[in-house]
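Trainee: Here it is, the structure, as C-alpha cells.
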Amino acid sequence: MPCTLKEWAVRSLKGVFMGLMFGGFLAGMLVVLFIMVPADWIARRLFGKDRWIEGGVRKGFGAWLFTLGIFRLVRQAPSEGQPYPGPCVVICNHPGLFDVLFLIKDIPRLCVFVKPSLPRFLPLKQILKSLAYVLAPDHDHVNPMDAAEAAMGEIRAGNSLQLFPEGTRSPKAELHPNNRCSGAAGLHTE
C-alpha cells in the first residue's frame, strides 16, 4: 500500500532527525572517550572514586532517550516495580537496539555483558573498561571462565549484571535458543 505525501513527509523527517540523533550519540561517545574516561581515571587514582563515569553515562543515555521519545522515535513502557536494591543478575531478551540503553538508564550500578566484537569494530574499548563492562565469551577471543570470573567480581563488588542469553537481538515476537557463547555460557560450567 503506497503511503500518502503526508506519511512520506513524516517518515522522512523522522529519518533525518534519527540521523541527527545518532550523530549526537556519536558526539556523546566522543565526549565520554576523550573527557569522561580520563576524568574517571583521575578521580579513581586521586580520590578513590569508584565508577564515577557510570552516573554520567546513565544521565547521558537518559537525556538522549528522552529526546528520542519527545519526537516519538522510541517508546518506553512504564517500568513494572523497582530495580532490586542490591547486586543481582538481570536476564532478558534483546528485542531492539535501544533496550540495553533503557536498562543502563534505569538500573544503577549495572554491569553489562558486551559482545566482544563491539570493542574490536568500534572505538569503545576504553569506555567499556571504565564502565567495568564484561566481554561475553566467544571461545575465540574471550575465554568463558575469564568472563565468568569477571562477572562474579562485579557482583561481589556490589554491581548488578545484565546479560542476554540469546547472545544477539531477538526476532520479532520470538526468541532464539540460548547461545552457549553468550553471557549465560560464561556462568555455566560442565
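The values are calculated or read from the model by the stated rules, or taken from the named source; none is laboratory data. Model, not experiment: these values are computed from the prediction. Because the Cβ atoms are built from the backbone with ideal geometry, glycine has one as well, and the counts that use them run over all protein chains shown.
Trainee: Is there a residue being under 19 Å from G153 (Cβ atoms) and of a type in the set (D, E, K, R) anywhere in the stretch 38-47?
Mentor: Yes: one or more hits.
Trainee: Can you tell me which residues in the stretch 51-75 are without any contact (Cβ under 8 Å) to a residue 40 or more places away in the chain and surrounded by 15 or more Cβ atoms within 10 Å (Cβ to Cβ)?
Mentor: Within the stretch 51-75, W52, G56, G60, V74 meet the criteria.
Trainee: Whether any residue in the stretch 167-184 is surrounded by 21 or more Cβ atoms within 10 Å (Cβ to Cβ), of a type outside the set (K, R) and at pLDDT 90 or above is what I want to check.
Mentor: Looking through the stretch 167-184, none of the residues is surrounded by 21 or more Cβ atoms within 10 Å (Cβ to Cβ), of a type outside the set (K, R) and at pLDDT 90 or above.
Trainee: What are the pairs with Cβ atoms under 6 angstrom where one residue, in the stretch 140-165, is among the aromatic types (F, W, Y) and the other, located anywhere, is part of a loop (DSSP other than H, G, I, E, B)? Sequence gap at least six, or different chains.
Mentor: Listed pairs, sorted by first residue: F164/H94.
Trainee: Same structure, new question: Pull up the stretch 113-128, narrow it to residues that are more than 17 Å from L163 (Cα to Cα) and at pLDDT 85 or above, then point me to the one that is surrounded by the fewest Cβ atoms within 10 Å (Cβ to Cβ).
Mentor: Top of the filtered list is K125.
Trainee: Residues that are part of a helix (DSSP H, G or I), among the charged types (D, E, K, R) and surrounded by 15 or more Cβ atoms within 10 Å (Cβ to Cβ): does the stretch 31-49 have at least one?
Mentor: Yes.
Trainee: Mind checking whether some residue in the stretch 150-162 is touching a helix residue (DSSP H, G or I) at 6+ places or on another chain (Cβ under 7 Å), at pLDDT 60 or above and among the hydrophobic types (A, V, I, L, M, F, W, C)?
Mentor: Yes: one or more hits.
Trainee: OK, next. Looking at the stretch 104-128 only, could you name the residues that are among the charged types (D, E, K, R) and touching a helix residue (DSSP H, G or I) at 6+ places or on another chain (Cβ under 6 Å)?
Mentor: K105, K125
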